[in-house]
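**Q** A single structure is presented below for examination.
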Amino acid sequence: MNKTIKTSIIAALAATTFSTATFAQAPISKRERIFQVLDQSRPNEYVPAAFFLHFPDKLGHKAVADHVEFYEATGMDFVKVFYEIAVPQIEIKKASDWNKVPVYDEAFFEPQIQVIEDLAKRYHGEALILPTVYSPLALASQTIGHENAKNIKKLADQDPVAFGNAIKNLSLSIENYLRVARRRGADGFYVSSQGGDGNSLSPKVWNEQVRKWDKHVAEVANEIGEINILHICDYGTPFKNAEALYAFADYPASIINVPLNFSDGSQLDLKEAQKRFGRPIFGGLERLGTIATGSLDEAKAAVDKVLENAPANFILGADCTIPGDTDYDKLRAVIEYAHTWRQTHKK
Amino acid sequence: MDGFAYNNSFFKCQGGRELSLIFYNYVETKIRCTIYMLLNIPCNCDCPSQDFGVPLHSLNRNNDRESSGRTFCPQRLTFTFNIARRSTQKYKHIINVLKERITTMNKTTFLASLAFAFSLAASAQSYNEYNKRELLLQVLDQSRPNDYVPVFFNVHFADKFGDGAVASHIKFYEETNVDFVNVKYEYIPSQKVEFKTADDFKKVKDIPVSELAAQLNVVTKLALTRKQGALILPTVYSPLAVLSQIAGGWEDKQKAKDLIELIRKNPQAAAPALDKVTKILVTYIREARKNGADGFYISSQGADVTRFAANGVFDKYIKPYDRQLSDVANEIAPINILHICEAGGKFNLKALESYKDYPGSIVNVPIHEFEGEGYSLKQLQDIFKRPILGGFTRTFIDSHSVEESKAVVDQILKDAPANFILGADDSVLPNSSDLSKLRAVVDYAHSWRQTHK
C-alpha cells in the first residue's frame, strides 16, 4: 500500500478515536449547568458562580493565557472573555464633532476576536464562551478619551442628534463585533447596558437618542446567541431606585446581572428582581465588598447572606468587575462554596 | 490561486499533488469547519496538528507565534457551512465540489483522504448531536421563543428488552431525528391480583428491584451510546397504570374498569396498594438516573373527570402517590417532562387544576382530550408558567400525508407558545408509524421558526 494512504488511514483512525474519547469523558458540562438555571419551574440546586477582573495583558496570546489561568484557577462556570479593544480616539471639541464617529467593521475587531476564537477552541465543549460587550456609550467614552468623558453629557445635550448618530454608529459597530464573534466561537454574550441610570446622560438624550441603540446590542445578541447575560451597569452612577432599574425589563437577555445599591439608599431585593425581570438573576455580591477586601470567612458569610435571600434561579457573582488584584484562591474557595451551598444548607 | 464562492463562504484552493487533510472543526449551531490542505510545497505555517495527532509533512514552523498570538496557516483551505440536522447530503455535496476542483491530485491519495475526512465528519456529526441536549435546554429560556423547535415523538417497539430493544430505540432516534432518546417503559410486574373486594388491595406485595433489571439495562445501554447526542429521558408510568397491570387490566379492559370502580368506592383501602407500586416506580427513577438517565417523561394519571376528579378522590387519595414520582424526579434529575395522561378519560379546566403544583420542567397536556372548552397551547404556558410540549393528536401523522401533516405543523406553530416542543397529546404514536414520514415532519418543525419569520 502506498505510504501516504497508510498514513492517511492511520490518521483517520487516530482522529476518530481521539474525538470519541473526548465525548465519552464528558461529565455534566458547565454549559449544561448554566442552562439548568433557566428552568424556572424550580430552583437550581447547583449554584454556578463567576467573577471577572481585568487582566494585565489585554490582547494577543498573553491575554488568552490570562483568561485560561483565571478560569482554571477559580473554577468559575463560564468563560467570560474580556472586551479590551478600544475604538480610536477622535477629537470632539464641539457637539457637532460627534458626526465624525464612523461604523467600525468586523476587521477592526480582529485582535479581540482572536482571543475569543482561541478560548473557544480550548473550551467550547466544556463551558459557555461569553464575551463581554461594551455599550455604545462606553465606546463613545473611548472615542472622546476617558479624560474628556466628563464632557459627554454636556456635549450630548448641545447636539442630541449628532450624539445620537455617534451612538448609532457605535451600536452598529458593536453589532459587527457580535456577529463575527458568534461565528468564531462565542456562544452568547455578556452585554453591558449603560447610560440609563439617569445620571450619565440627561433623560431626554437617553430616551430619544441612546436607549434604542443601547437596546439594539441586546437585541442582536438575542438574535444570534445561544444564551446572553444583560449587565445593567451603574459604574459610579447608581440608579435612583429599583423601579428605575426595572425600566430595563423590556431588554432581551436570558439572565440579568444587576446593580445592588441605589442612590436613594435602598437596596435591590434579588427575589423581586427575578419576578420583575421574569428571568434568572446573576450577581448578589458587591464588587468592592468582602469578595475583594475580606478574608475567606468573611466572603463566605457574605455568600451565606446572599444565597439565603437569593431568588430561585440564580448565579452568584458581583455587580461588576472586581479588583484586578483579588486573590484567585479565595475566589476559587468562594465559587466552590456557592456550587454546593443549596445542597449543604437545606432546611 | 483558484477561488470560487460556495454559498456565502469563500472557497480558496491551491492546486497540488500530495496532500494531508486536516479537519479542524468546532460547533455552535453552525459548524465552522476548516480543512487545512497542506501541499508538498513548503508551508510556512504553524497549524494545530497536535489537536488531531496527525503527522504533517513539509512543515516549516518558523512562523512567529509570539507575534501573531495565534495559529495561522496561509495555505489553508477554508469553508463554512451549516451542518444542521440534515448534514450528510450537504457534506457529500461539498466533498463532490472539492473533488471536482482538485484535479491535479493523485486519485488514491485523494480517496484515502476522503475516508479520513468522512471519519472526522462522523465525529462532527456526533458533536453536533451533542448539541441536541443544549437545543432542548434552550427551550427552558422563557425570556424568548426557541428558534429551533425540538420534537418529541415515540412509539412502542416489538422488542421490549435486550439488544433488540436498544437497537429499535436507536433506529427510531436516528431515522426520525427526534430530539430525545425516550426509553420506553415496558416492565410489567409479575404478580397478578384479582380485585373483587376492597380486601383484595391487601394482596398486592412489594415488588423486588430485581424485576427491573431488564428495563434498567435498556436505559444503561442507550445512555452509553447516545447520551452525548441527546438527553436520555425514560418514560415512567403512573402508580394507577401499574396497579392496573397487576389487575390484568392491560389485557382485559373490563378488569381495568372494575379496578377503577373499586378504587373509586374504596379509595382508602386502595392506598396501601398504590403505595407499594409507587415504591417500585420511585426505585426505577432512582436507578435509571444512576444508570445514565438525564430526566424522565412522567405520565401522571387519574384526575380526568371520567375517573376520580369529580368526587375529590384524586386529590385526596391518588395524587399523594402519583405526584411522588414527579417530586423524586425533580429532586434528582436535571430536566423532566410532566405528561398529564388522559388514558381514555376527558379533562375539564377544573380537573387540570390538580396538576398545576406538580414539578416538571416542561408540561405535556392532551389538548384534544378536553370535555367542552379546553385550553390552547399558549394558554397552557401561561397557566403552568413552563414550556409546553404537544400539538398533534396521536394518530394524525400516521393517517395523513406528509403535506397534510406539514400543514398542521404550520397551524400549530403559528399559534404555539413562545417556549415550545412539538409532540402529540400522548407522545406515543401508533407503533406502525412510517419513520420516513415522521422524519419529514420532524425536520420541517426544527427549522420552522427560521423559515417562517
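The values are calculated or read from the model by the stated rules, or taken from the named source; none is laboratory data. If you're wondering where the values come from, they're calculated on a predicted model, not measured in any experiment. Note: ideal-geometry Cβ built from the backbone for every residue, glycine included; neighbour counts use all protein chains shown.
**Q** Select from the range A:275-294 the residues that are at pLDDT 95 or above, on the phi < 0 side of the Ramachandran plot and surrounded by fewer than 21 Cβ atoms within 10 Å (Cβ to Cβ) and list them in ascending order.
**A** A:K275, A:R276
**Q** Oh, and also: Return the residues of the range B:327-360 that are at pLDDT 90 or above, charged (D, E, K, R) and either closer than 15 Å to B:Y237 by Cα or in contact with a strand residue (DSSP E or B) (Cβ under 8 Å, 6 or more places away or on another chain) (or both); say none if nothing qualifies.
**A** Answer for the range B:327-360, where residues must be at pLDDT 90 or above, charged (D, E, K, R) and either closer than 15 Å to B:Y237 by Cα or in contact with a strand residue (DSSP E or B) (Cβ under 8 Å, 6 or more places away or on another chain) (or both): just B:D327.
**Q** Name the residue, out of B:S143, B:S238, that is more than 14 Å from chain A (Cβ to nearest Cβ), over 11 Å from the mean Cα position of the chain (by Cα) and either modelled with pLDDT under 95 or surrounded by 19 or more Cβ atoms within 10 Å (Cβ to Cβ) (or both). Don't jump to the end; show me each part of the working.
**A** Working: B:S143 fails: more than 14 Å from chain A (Cβ to nearest Cβ).
Matching residue, one of B:S143, B:S238: B:S238.
**Q** A further question follows. Which one of the conditions (1) in a strand (DSSP E or B); (2) surrounded by fewer than 18 Cβ atoms within 10 Å (Cβ to Cβ); (3) of a type in the set (S, T, Y) does B:S300 fail to meet, given that it meets all the rest?
**A** (2)
**Q** Report, by residue number, each residue of the range B:331-351 that is away from every other protein chain (no Cβ under 13 Å) and either surrounded by fewer than 23 Cβ atoms within 10 Å (Cβ to Cβ) or in a loop (DSSP other than H, G, I, E, B) (or both).
**A** Hits for the range B:331-351 are B:E342, B:A343, B:G344, B:G345, B:K346, B:N348, B:L349, B:K350.
**Q** Answer yes if at least one residue in the range A:93-100 is assigned to a helix (DSSP H, G or I) and more than 30 Å from A:K154 (Cβ to Cβ), and no otherwise.
**A** Checked against the condition, which is being assigned to a helix (DSSP H, G or I) and more than 30 Å from A:K154 (Cβ to Cβ), the range A:93-100 yields no hits at all.
**Q** Specify which of the listed residues (A:F248, A:F239) is within 14 Å of chain B (Cβ to nearest Cβ), touching a strand residue (DSSP E or B) at 6+ places or on another chain (Cβ under 9 Å) and free of Cβ contacts under 8 Å to residues at least 60 places away in the same chain. Break it down stepwise before answering.
**A** Details: A:F239 fails: within 14 Å of chain B (Cβ to nearest Cβ).
Result of the check over A:F248, A:F239: A:F248.
**Q** Something else about it: Just for the range A:43-67: of the residues that are of a type in the set (A, V, I, L, M) and surrounded by fewer than 19 Cβ atoms within 10 Å (Cβ to Cβ), which one is nearest to the other protein chains (Cβ to nearest Cβ)?
**A** Here the answer is A:L59.
**Q** Right, next: Being within 23 Å of A:E272 (Cβ to Cβ) and of a type in the set (D, E) is the filter; apply it to the range A:213-253 and report the residue that is modelled with the lowest pLDDT.
**A** Looking at the filtered set, the residue picked out is A:D234.
**Q** Among residues belonging to the range B:402-436 that are at pLDDT below 95 and polar (S, T, N, Q), point out the one that is nearest to B:Q142 (Cα to Cα).
**A** So, considering only residues that are at pLDDT below 95 and polar (S, T, N, Q), the one nearest to B:Q142 (Cα to Cα) is B:S427.
**Q** So which residues in the range B:274-330 are acidic (D, E) and over 23 Å from B:R226 (Cα atoms), if there are any at all?
**A** Hits for the range B:274-330 are B:D275, B:D304, B:D315, B:D322, B:D327.
**Q** Return the residues of the range A:65-92 that are closer than 20 Å to A:T326 by Cβ and either assigned to a helix (DSSP H, G or I) or more than 18 Å from the chain's Cα centre (by Cα) (or both); say none if nothing qualifies.
**A** Listed by number, the residues that qualify are A:A65, A:D66, A:H67, A:V68, A:E69, A:F70, A:Y71, A:E72, A:A73, A:T74.
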